[in-house]
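The values are calculated or read from the model by the stated rules, or taken from the named source; none is laboratory data. Everything numeric here is computed off the predicted structure, so don't read it as measured data. Note that we place each Cβ from the backbone using ideal geometry, even for glycine, and neighbour counts take in every protein chain shown. Heads up: the accessible areas ignore ligands, DNA and RNA and are worked out on the full protein's heavy atoms, side chains in. Shrake-Rupley method; radii C 1.70, N 1.55, O 1.52, S 1.80 Å.
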Amino acid sequence: MALMSKRQNSSVTASELALLQVLWNSPRPLNKQEIMAKATEDAENPLFAKNSFHILINELIAKEYLVPVDNLGMGRKNARRYAPTVSRNEFLALQ
């Protein structure tokens, strides 16, 4: 119950929402490189700035909309991945 009330009281910025959209559109958790590749597909209009990635991730984790999924191996290709804790529909219901 405490998780729900914390989420209900936490609004998200446009950039945070864009990052959540990338993860909702993926069938599995993504690492930083995969998220950034999706966020910068349109080079003229990136979804958010590369420099803000860790700030956005940390804010969404603090607001309990994301969880880090520890890497299962060694090296950059198996880096920490991130998964949303709510579906798109659950998020909209909370807003």
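Is it fair to say Leu3 is at pLDDT 90 or above and in a helix (DSSP H, G or I)? Answer is no for this residue. The set of residues in segment 39-53 that are among the small types (Gly, Ala, Ser) and either part of a loop (DSSP other than H, G, I, E, B) or more than 14 Å from Val22 (Cβ to Cβ) (or both) comprises Ala43, Ala49.
The residues of segment 40-66 that are surrounded by 14 or more Cβ atoms within 10 Å (Cβ to Cβ) and either at pLDDT below 85 or within 10 Å of the chain's Cα centre (by Cα) (or both), listed by number, are Phe53, Leu56, Ile57, Glu59, Leu60, Ile61, Tyr65, Leu66. Within segment 6-38, the residues that satisfy the criterion of being assigned to a helix (DSSP H, G or I), open to solvent by 30 Å² or more (accessible area, probe 1.4 Å) and out of contact with any Lys or Arg (no Cβ under 6 Å at 6 or more places or on another chain) are Lys6, Gln8, Ala14, Ser15, Leu17, Gln21, Lys32, Gln33, Glu34, Ala37, Lys38. In segment 79-95, the residue that is nearest to the chain's Cα centre (by Cα) out of those that are at pLDDT below 90 and within 12 Å of Pro29 (Cβ to Cβ) is Arg80.
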